Amino acid sequence: MPLHRAWEPLERETLKKVPDRYGIFELGDDAGTVIRIDHGPLRDAIKEALAYDSNATKVRYRVTVHRREAIALVEEHRTRHGD
């Protein structure tokens, strides 16, 4: 089950809009295939992906209320993707 949010380009302009809150995020390739699902402080995690994940060109994210919620969502998404 993908996040219910449109893909955005993984670039500096997108990073400016990412909230400085905890959440879950997906990284995708040009075709929109999810290549990574993770959680963490969104701005920092996506900034790191921008710098180091050369396969990702798209991102989408969801803010969570707390870390436990993010961890549970990541596990659910990874199970559905077979990771």
Next item on the list: Kindly list, by first and then second residue, each pair from a residue in the stretch 52-71 that is under 11 Å from Leu10 (Cα atoms) to a residue that is modelled with pLDDT under 90 and aromatic (Phe, Trp, Tyr), limited to pairs with Cβ atoms under 8 Å and residues at least 6 apart or on different chains.
Entry: none
Note to self: Every residue in the stretch 1-46 that is within 15 Å of Glu75 (Cβ to Cβ), among the aliphatic types (A, V, I, L, M) and in contact with a strand residue (DSSP E or B) (Cβ under 9 Å, 6 or more places away or on another chain), please.
What the structure shows: Leu3, Ile24, Val34, Ile37
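The values are calculated or read from the model by the stated rules, or taken from the named source; none is laboratory data. Predicted model only: the values in this text are computed from it and were never measured. As a convention, Cβ positions derive from the backbone with ideal geometry for all residues, glycine included, and neighbour counts pool all protein chains shown.
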